[in-house]
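Notes to accompany the following structure.
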Amino acid sequence: MAAKRPDPMAVIMSIVERGSGNKLMKLYTQNLVFTHIRCEGTGTATSEIMDILGLGSSEKDIIFSFAPVSAARSLLDRLDDELHGAFTGRGIAFTMRLTAVNNLIASYISLRTAMQAKQDKDTGGSDSMETQQKNSLILVTVNQGYTDIVMDTARKAGARGGTIIRGRWAGDESFAQSRGITTLQAEKEMIFIVVPRELRNGVMEAVNKQHGLQSEAGAMVSAIAIEQLVHLS
């Protein structure tokens, strides 16, 4: 008899004020989302825009949480309803469906979620996830030091702000050489920009045109559909 396939998986990305990440992970764990990765970032929005969006300080905790799609949807539904105000920090949380994941990890997360849900007698939500995908996450990877000019371009195309994580290029240098790219630096900054779906292409095209791979910024631009988004109060 073939083993049962794990439930479809999603990642919840949460961006909150620095120091609030541990409290948020505790709240998520109490609501059947147990597996988290935390890192630090910096917000790029102006203070005026941050106040409008309710994003607080520029220093950020970024939490990547992994859960079955049904548990992720249930959590965001509750954050937008009865759990609204349970988290005292400010920020946003959104879900993205994973198209593939390590089978052992998926099986463990699905099993633990199901066991805890049964223990709690939680019967909420079906496994299907009907979404309108009203928002997109644009990921721009640029050479270090170019985030300000890239964000200026993104704002002119309609974006309100983003969050930066620092990293390093770990790809094959022959890729750059074969494409005539002479400004590919090891030190990178990744900008996460959440925009309404109708603005996505305009922002991506503007950034790529002015700061693409063959420019000094060396921007690599991609986008991922967001299935649900809530503002944390």
Order 200, 73, most accessible first, counting only protein heavy atoms with a 1.4 angstrom probe.
200, 73
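At 0.36 nm per residue, and after removing the present C-alpha to C-alpha distance, how many nm does the segment from residue 23 to residue 116 gain when stretched out fully? Display every interim value, and only then the final one.
Details: separation 93, 0.36 × 93 = 33.48 nm, distance 2.01 nm.
Difference between extended and current length: 31.5 nm.
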At a Cα cut-off below 19 Å, give the lysines reachable from residue 118, other chains included and same-chain residues fewer than 8 away excluded.
4
So what are the ³J(HN,Hα) numbers for the range 86-93, from phi and the Karplus equation (6.51, -1.76, 1.60; θ = phi - 60°), rounded to whole Hz, Gly and Pro as x?
5, 9, 7, x, 10, x, 9, 9
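The values are calculated or read from the model by the stated rules, or taken from the named source; none is laboratory data. For clarity, every value in this text was computed on a predicted model and none was experimentally measured. For accessibility, only protein heavy atoms count, side chains too; no ligands or nucleic acids. Shrake-Rupley method; radii C 1.70, N 1.55, O 1.52, S 1.80 Å.
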